[in-house]
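Please treat every number below as a calculation from the coordinates, not as lab data. Worth saying up front: this structure is predicted, and the values here are computed from it rather than measured. Backbone-built Cβ (ideal geometry, glycine too); neighbour counts: all protein chains shown.
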Amino acid sequence: MTDIDLSSYKALYLQTARQYVSDIRQAVEALKLNPSDDSAITKIYISAHSLKSQSIMMGFTQIGQVCMLIEAKFKPLREQQSTVSPAIIAALNDTVTVATVTMDSIEKDNKEQDLSSIISTWGQL
Amino acid sequence: MKVLLIEDDTFFREFYSSKLQQTGMEVEMAADGEEGLAKVAKVKPDVILLDIIMPKKDGFEVLQSLSESPSLKKIPVIVFSTLGQDSDVEKAKKLGAVDYINKSFFDFDKLKSKVVAFGKGK
């Protein structure tokens with residue numbers, strides 16, 4: 001995408017991306033109460049899937065990579081109606097925090113924060 | 001050329017619809033599979049662009065429903081894919097999708113050529 005296209009769609013990206021992060025945050029709170037909450041698991045899966053796609057298209061590959069790892073983790077959880085572990089819930093909490101900061105960074109400076117640490121966390125789960 | 005875009009993500013719905021409309025195509029939109037199926041019957045598009053992962057009815061369920069309708073199954077369906085979805089694309093093709101577009105790597109010429117080719121061939 002050209003620079004012109006990027007700036008044309010950045011506001012829309014941030015609006016929808018922040019909504020997905022908010023959706024994930026709410027779903028994490030639901031999982032803290034019930035780690036088998038199907039609706040919360042599905043919400044996280046679909047939100048991560050969508051945020052991955054649009055982030056990669058906009059050139060924000062680190063957020064895309066984090067979301068791809070979350071999506072891969074939650075796909076079997078959703079299909080097998082499993083329980084989400086405390087480690088995954090903790091990683092989701094951290095992800096929401098860094099994603100929020102990254103969205104602010106994108107808005108201000110047009111670039112992501114360094115997400116290598118959270119990427120590594122998800123890679124090890 | 002009339003295109004029905006069935007896509008739950010607001011960003012992609014806005015982005016793809018605006019790009020297609022810039023070429024002169026008429027674009028109808030639906031935000032989930034249920035709404036998409038209702039609109040297919042009403043709008044009778046030349047081509048359907050269909051997301052796979054959606055709440056309510058997903059893309060697979062939409063494809064299954066279309067295949068069961070003698071009139072609607074003739075409408076070509078191009079599915080949206082993203083990274084890590086190769087198996088989903090294969091499943092969609094077995095359910096009747098004619099092609100796919102990776103929505104994370106926007107290539108407007110490819111999108112337009114596929115929509116035109118399949119839309120005219122219907």
Charged-residue dipole, Cβ positions (Lys, Arg, Asp, Glu), chain B about Cα centre, Debye nearest 20 = 580 debye
With label points set 7 Å from each Cα along the Cα-to-Cβ direction at A:T100 and B:Q22, the distance between them in nm comes to 3.5 nm
Can you count the Lys pairs in chain A with C-alpha separation below 22 Å, eight or more apart or on different chains?
-> 13
Gyration tensor on Cα atoms of the protein assembly as shown, a ≥ b ≥ c root eigenvalues, a/c under 1.5 rounded, else prolate if a/b beats b/c, else oblate, says oblate
Gyration tensor (alpha-carbon) shape descriptor, the range A:1-63, a/c threshold 1.5 | prolate
Going through the range B:30-119, which trypsin sites (Lys or Arg not before Pro) have at most 15 other Cβ atoms within 10 Å and a DSSP loop state?
-> B:K56
Would you kindly give the portion of the calculated P(r) for the range B:46-122 that falls above 20 Å, as a percent of all Cα pairs?
-> 27 percent
Expressed as a whole number of Å, what is the distance separating the alpha-carbon centroids of the range A:99-114 and the range A:1-69?
-> 14 Å
Does a label point 7 Å from the Cα of B:K91, set along Cα-to-beta-carbon, have any residues of the range B:48-75 with amide nitrogen under 15 Å, and which are they?
-> B:51-65
Which entries of B:K2/B:K93; B:K74/B:K120; B:K57/B:K112 show an alpha-carbon separation above 18 angstrom in the structure shown?
-> B:K2/B:K93; B:K57/B:K112
Taking B:K114 as the anchor, which aspartates and glutamates have their alpha carbon closer than 14 Å to its alpha carbon, excluding any fewer than eight residues away along the same chain?
-> B:D46, B:D99
Sequence-separation-based contact order of the range B:19-122, relative, with Cα cut under 8 Å and 6+ spacing, percent = 25 percent
What residues from the range B:66-83 fall in the zone where the backbone N is under 15 Å from a label point 7 Å along the Cα-to-C-beta line of B:K44?
-> B:70-76
Over all distinct Cα pairs, what is the inverse of the mean 1/r for the range B:80-122, reported as the Kirkwood hydrodynamic radius in Å?
-> 11.1 Å
At q = 0.13, 0.14, 0.19 Å⁻¹, what base-10 log of I(q)/I(0) does the Debye formula yield for chain A when every alpha carbon is treated as an equal point scatterer in vacuo?
-> -0.48, -0.55, -0.97
